[in-house]
Each structure stands twice: as structure tokens, then as C-alpha cells.
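J.: Please find one structure pasted underneath; my questions will follow.
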Amino acid sequence: MGRVMRWAAGMMVGAFVMTGAGCTDEPTQPTDLSDATSSATASETSEVSSGSESAASASSSFSPDEQAVVDQYKGYYNAIYTLTTPTDDEVRAAFTPFAEQPVVENWVKVFQQFAAEDRKPSGGITFGPLEVVIVGNGATVIECRDGSTEEMVSISGGQVVARGGPGTRVEAQLVIEDAGKWMVHSAVATNEAC
């Protein structure tokens, strides 16, 4: 939890992992992406989202299954910026459609820490090129993101207290539920890694 809180205090795309097993800043590297059952890449570097992005704006180079993964991935990250000074229930409502329950509960704790530190997320996401790999019931999304539009601001004063930067490598693991919906199982962001 300490590593997640350090990330939260720094910037929205700092080094973090949220899984049901616990928190770590060691990313899980996929084996050989070229050997995967399905993979696709799309460049969406000019797209800035503030939580209202629709599936229609995503690249058409993804298969329907890959697009479902991309939609969940983007929804998960966009949820951060739909919340300003949320209650625990509002955090749960924002993340539950996109992530497994342990990840959702971790976000509840992160937003509690934000409030305790007089901080909140601000700005929006500029999604970078995405690579999607689906193997069985699991999917990996790898992105190189410019986090410069992602900020932390003071709740009481409104001034920017932290800002992301370019070259943030994000790797997310998603799993498919019995109902056929992809859910974020973990997400790792590493600054200045791409």
C-alpha cells in the first residue's frame, strides 16, 4: 500500500500496481508478444479523454475482442478523472464496471489518501499507441503514454501540485469474467520507460 500512496502523492501515472494479491512496483513482463494468439497495435496519440470517450472513437484496427479489451482499459483510466472529491461509494461505482473487486477497493483507499493529503486528480488522459495481446482468458495492454495532461491539484487551493510527463509505459492485465466481460486485474505505470 505504501508504494501506491507514494504514487498517488506524486502523479497519476507514477509507478503503481493494483492486484488482488497486493501492491508492488515490479511490472510483469509479457513473454514474447509476437507468439501470442492475437495482437494488434493502434496509434491514438492525439486523443485526449476526460471520461466521456465512446467506443466509436477507438481505432478500427482492433478485432472485436481486442476492442472490448481497449474499451475496458480506457474506461478504467478515464474513471480516475470522473472523480473529484468522491465518497467511497462513488469511487466503487466509477471503477466497478472496469476492474475486479480488489482493484476497486484499492482505489477506494487511494482516493481516501488523496483527500487526506488535500489532493485530487485533474486534467485528462492523452492515450498513446496501444498494443493488445489476448491469450485465452487473459489480455495484456501495453501503452506508451504522454502523461503531461494528467495532474494532481490541491483541493483547497486549486493549484497544480504534480503533473505527469511524457514516456510513461503502462501495462495492464485484464481477465475475462464468466459473463464475457473483460476486467482490469492489474495495471502498472512506469515513468520515463518509453
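The values are calculated or read from the model by the stated rules, or taken from the named source; none is laboratory data. Everything numeric in this text was worked out from a predicted model, so none of it was measured. Here Cβ is always computed from backbone atoms with ideal geometry, including for glycine, and neighbour counts include all displayed protein chains. Please note that ligands, DNA and RNA were not included when accessible areas were found on the heavy atoms of the full protein model with its side chains. Shrake-Rupley method; radii C 1.70, N 1.55, O 1.52, S 1.80 Å.
J.: Quickly run through region 161-182 and pick out the residues that are surrounded by fewer than 22 Cβ atoms within 10 Å (Cβ to Cβ) and part of a strand (DSSP E or B). Show your work before the answer.
T.: Here is the first cut: in region 161-182, the residues surrounded by fewer than 22 Cβ atoms within 10 Å (Cβ to Cβ) are 161-163, 165-167, 169, 171, 173, 175-181.
Those that are surrounded by fewer than 22 Cβ atoms within 10 Å (Cβ to Cβ) and part of a strand (DSSP E or B): Val161, Ala162, Arg163, Arg169, Glu171, Gln173, Val175, Ile176.
J.: Follow-up. Specify the residue that is nearest to Gly165 (Cα to Cα); the eligible residues are those in region 114-149 that are modelled with pLDDT of 95 or more and of a type in the set (Val, Ile, Thr).
T.: That would be Ile142.
J.: Could you check Gly158 against (1) closer than 30 Å to Ala116 by Cα; (2) assigned to a strand (DSSP E or B) and say which number it fails?
T.: (2)
J.: Which helices (runs of 4 or more DSSP H) does region 63-151 wholly contain that include 3 or more residues that are under 17 Å from Val170 (Cβ atoms) and of a type in the set (Phe, Trp, Tyr)? Give the derivation first.
T.: On the way: elements: 64-80, 88-95, 101-116.
In region 63-151, 64-80 are the helices (runs of 4 or more DSSP H) which contain 3 or more residues that are under 17 Å from Val170 (Cβ atoms) and of a type in the set (Phe, Trp, Tyr).
J.: Looking only at region 152-188, count every residue that is among the charged types (D, E, K, R) and within 14 Å of the chain's Cα centre (by Cα) and tell me the total. Give the steps one after another, and end with the answer.
T.: Here is the first cut: in region 152-188, the ones among the charged types (D, E, K, R) are 163, 169, 171, 177-178, 181.
Still in the list and also within 14 Å of the chain's Cα centre (by Cα): 169, 171.
Selection size over region 152-188: 2.
J.: Show the residue pairs meeting these rules: Cβ distance below 8 Å; 6+ apart or different chains; first residue within region 75-101 and touching a residue at least 12 places away in the same chain (Cβ under 8 Å) and over 18 Å from Ile125 (Cα atoms); second residue assigned to a loop (DSSP other than H, G, I, E, B) and open to solvent by 60 Å² or more (accessible area, probe 1.4 Å).
T.: Filtered contacts from region 75-101: Thr85/Ile155.
J.: Can you name the number of the only condition in (1) open to solvent by less than 50 Å² (accessible area, probe 1.4 Å); (2) within 15 Å of Ala79 (Cα to Cα) that Glu105 fails?
T.: Failing condition for Glu105: (1).
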